[in-house]
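All remarks here apply to the structure that follows.
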Amino acid sequence: MHFLDFIRTKLWTLLIYIGLMLFTSLFFVVMHLPLYSIIFFNLIFLVAYTTLLLHEFSKKSSYYNNVLDELELLDQKYLLSEVISEPDFLEGRLLYTILKSTNKSMNDRIDYYQKLQSEYEEYIELWIHEIKTPIASAKLIAQNHRTPEIRSMDEEIDKINNFIEQVLFYSRSHLTEKDYIIKALSLKKIINTVIKKYSKTFISLPITLELNIPDYTIYSDSKWVEFMLSQIISNAVKYLDKPHKIISISAIEKENSIHLTIQDNGVGIPESDLRRVFDKGFTGENGRKYGKSTGIGLYLCHTLANKLGLSLSLTSTLSQGTTVTLIFPKSKMHLLES
């Protein structure tokens, strides 16, 4: 709060005061009072008025500057009313009361929508667990009747199961901090688990799988890592267009990290789309051309990788293929630093 801004708010008061001073002085002249008496009288009132202005400015500027400082320090600006004190002047108390009232109204609204969101998430999770029962039954039936048509249906059931799993992980992605257990994991074991899940797809297409995974130890949550790898491999499978389809999975050890690379020889991604592949809902040119993309898989992978302290990157050349690299730290120290 600047003094000139404060004076501008007092402009009418100042004009009225000057008018009264002039009128009073003129009245005293008419009354034939000595000049020194008129000057002395005006000086007393000028000093008194100036003192009151300076006192008011000091009080208000101190309070409002403190409010602005608190606002600047807050990451969540809406908490301002919780950290400022109630002032001892009228307009400040009115502002304080308004902020408290609006903050309470906003918090009530947030609580309402959080409750709705929580109920929705609970319903989604319940629905997913319920739908898994008929899917499991359908897979059991498909496995017991090995005709070409049933085998094809079995593959479609796997796709449905993958989409359902995607919905479940999406609904939990913002709660990752409460739903993961970081521990030492065998990268080779995790890769084998995910590959087993897609083994029938690899055989039926067919896809040549090239593996070079030493038995490295990584630190992460097995459930979330398996989900990310499943999404990456699923994406690779979707866009394989060569007669000789190849997916290569390899890992190398560097000084402080393990680099896992998943490479395919599919359609590739246009350069103009590369910077947006991790955006939520972005399907790009391939999604429009092939109609296979939801724009959620890579977004989820990127979100989960960030929350788990991992690094995820993607490079691609159109008509040659795509390479996705997932970098794991070799210790749990990254969790202490984040």
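The values are calculated or read from the model by the stated rules, or taken from the named source; none is laboratory data. For clarity, every value in this text was computed on a predicted model and none was experimentally measured. Don't worry about glycine lacking a Cβ; one is built from the backbone with ideal geometry, like all the others, and counts go over all protein chains shown. For the accessible areas, the whole protein counts, side chains as well, though only heavy atoms, and no ligand, DNA or RNA atoms are used. Shrake-Rupley method; radii C 1.70, N 1.55, O 1.52, S 1.80 Å.
Having 3 or more residues that are under 34 Å from the mean Cα position of the chain (by Cα) is the bar; report the strands (runs of 3 or more DSSP E) wholly within region 132-242 that clear it. I'd like the intermediate steps shown before the answer.
Details: elements: 183-186, 207-212, 217-220.
Correct list: 183-186, 217-220.
Restricting attention to region 86-99, does a residue exist that is open to solvent by less than 50 Å² (accessible area, probe 1.4 Å), closer than 25 Å to residue 6 by Cα and not in a helix (DSSP H, G or I)? I'd like the intermediate steps shown before the answer.
Start the filter on region 86-99 by keeping residues that are open to solvent by less than 50 Å² (accessible area, probe 1.4 Å), which leaves 87, 89, 92, 96, 99.
Next, only the ones that are closer than 25 Å to residue 6 by Cα stay: 87, 89, 92, 96, 99.
Still in the running and not in a helix (DSSP H, G or I): 87, 89.
Yes, there is a match, as at least one residue in region 86-99 is open to solvent by less than 50 Å² (accessible area, probe 1.4 Å), closer than 25 Å to residue 6 by Cα and not in a helix (DSSP H, G or I).
Any chance region 36-44 includes a residue that's in contact with a Phe, Trp or Tyr (Cβ under 6 Å, 6 or more places away or on another chain), more than 30 Å from residue 105 (Cβ to Cβ) and open to solvent by less than 90 Å² (accessible area, probe 1.4 Å)?
To start, the set of residues in region 36-44 that are in contact with a Phe, Trp or Tyr (Cβ under 6 Å, 6 or more places away or on another chain) comprises 38.
Checking which are more than 30 Å from residue 105 (Cβ to Cβ) leaves us with 38.
Those still in the list that are open to solvent by less than 90 Å² (accessible area, probe 1.4 Å) too: 38.
For region 36-44, residues in contact with a Phe, Trp or Tyr (Cβ under 6 Å, 6 or more places away or on another chain), more than 30 Å from residue 105 (Cβ to Cβ) and open to solvent by less than 90 Å² (accessible area, probe 1.4 Å): present.
So for region 144-152 (the condition being under 30 Å from residue 251 (Cβ atoms) and polar (S, T, N, Q)), does at least one residue qualify? Don't jump to the end; show me each part of the working.
Of the residues in region 144-152, the ones under 30 Å from residue 251 (Cβ atoms) are none.
No, because not a single residue in region 144-152 is under 30 Å from residue 251 (Cβ atoms) and polar (S, T, N, Q).
Could you say whether any residue in region 196-205 is crowded, with 20+ Cβ neighbours inside 10 Å and either among the hydrophobic types (A, V, I, L, M, F, W, C) or in contact with a Lys or Arg (Cβ under 8 Å, 6 or more places away or on another chain) (or both)?
Scanning region 196-205 turns up no residue that is crowded, with 20+ Cβ neighbours inside 10 Å and either among the hydrophobic types (A, V, I, L, M, F, W, C) or in contact with a Lys or Arg (Cβ under 8 Å, 6 or more places away or on another chain) (or both).
Give region 278-309 a look and list any residue that's farther than 28 Å from residue 181 by Cα and open to solvent by less than 30 Å² (accessible area, probe 1.4 Å), or say none.
284, 286, 287
For region 258-302, which residues satisfy the criterion of being among the hydroxyl-bearing types (Ser, Thr, Tyr), modelled with pLDDT under 90 and farther than 21 Å from residue 246 by Cα?
Step one: of region 258-302, the residues among the hydroxyl-bearing types (Ser, Thr, Tyr) are 261, 272, 283, 290, 293-294, 299.
Now narrow it down to the ones that are modelled with pLDDT under 90: 283, 290, 293-294.
Selection gives 283, 294.
With the requirement that a residue be outside any helix (DSSP H, G or I) and either among the acidic types (Asp, Glu) or touching a residue at least 60 places away in the same chain (Cβ under 8 Å) (or both), what does region 1-46 give you?
Start the filter on region 1-46 by keeping residues that are outside any helix (DSSP H, G or I), which leaves 1-2, 10, 31-34.
1, the sole residue that qualifies.
Could you tell me whether region 75-85 includes any residue that is more than 27 Å from residue 17 (Cα to Cα), without any contact (Cβ under 8 Å) to a residue 12 or more places away in the chain, open to solvent by less than 60 Å² (accessible area, probe 1.4 Å) and in a loop (DSSP other than H, G, I, E, B)?
No, that holds for no residue.
Need pairs with beta-carbon distance below 8 Å; first residue under 21 Å from residue 80 (Cα atoms) and within region 104-116, second modelled with pLDDT under 90; sequence gap 6+ or separate chains.
Between residues of region 104-116 that are under 21 Å from residue 80 (Cα atoms) and residues that are modelled with pLDDT under 90, the close pairs are 106/78.
Quick one: which residue in 140, 211 is open to solvent by 60 Å² or more (accessible area, probe 1.4 Å), touching a strand residue (DSSP E or B) at 6+ places or on another chain (Cβ under 6 Å), over 25 Å from residue 299 (Cα atoms) and of a type in the set (A, V, I, L, M, F, W, C)? Full working, then the answer.
Details: 140 fails: touching a strand residue (DSSP E or B) at 6+ places or on another chain (Cβ under 6 Å).
Residue meeting the stated conditions: 211.
Right, residue 33: in contact with a Leu (Cβ under 7 Å, 6 or more places away or on another chain) and either among the hydroxyl-bearing types (Ser, Thr, Tyr) or farther than 18 Å from residue 87 by Cβ (or both) or not? I'd like the intermediate steps shown before the answer.
Numbers: in contact with a Leu (Cβ under 7 Å, 6 or more places away or on another chain): no; either among the hydroxyl-bearing types (Ser, Thr, Tyr) or farther than 18 Å from residue 87 by Cβ (or both): yes.
No, not satisfied.
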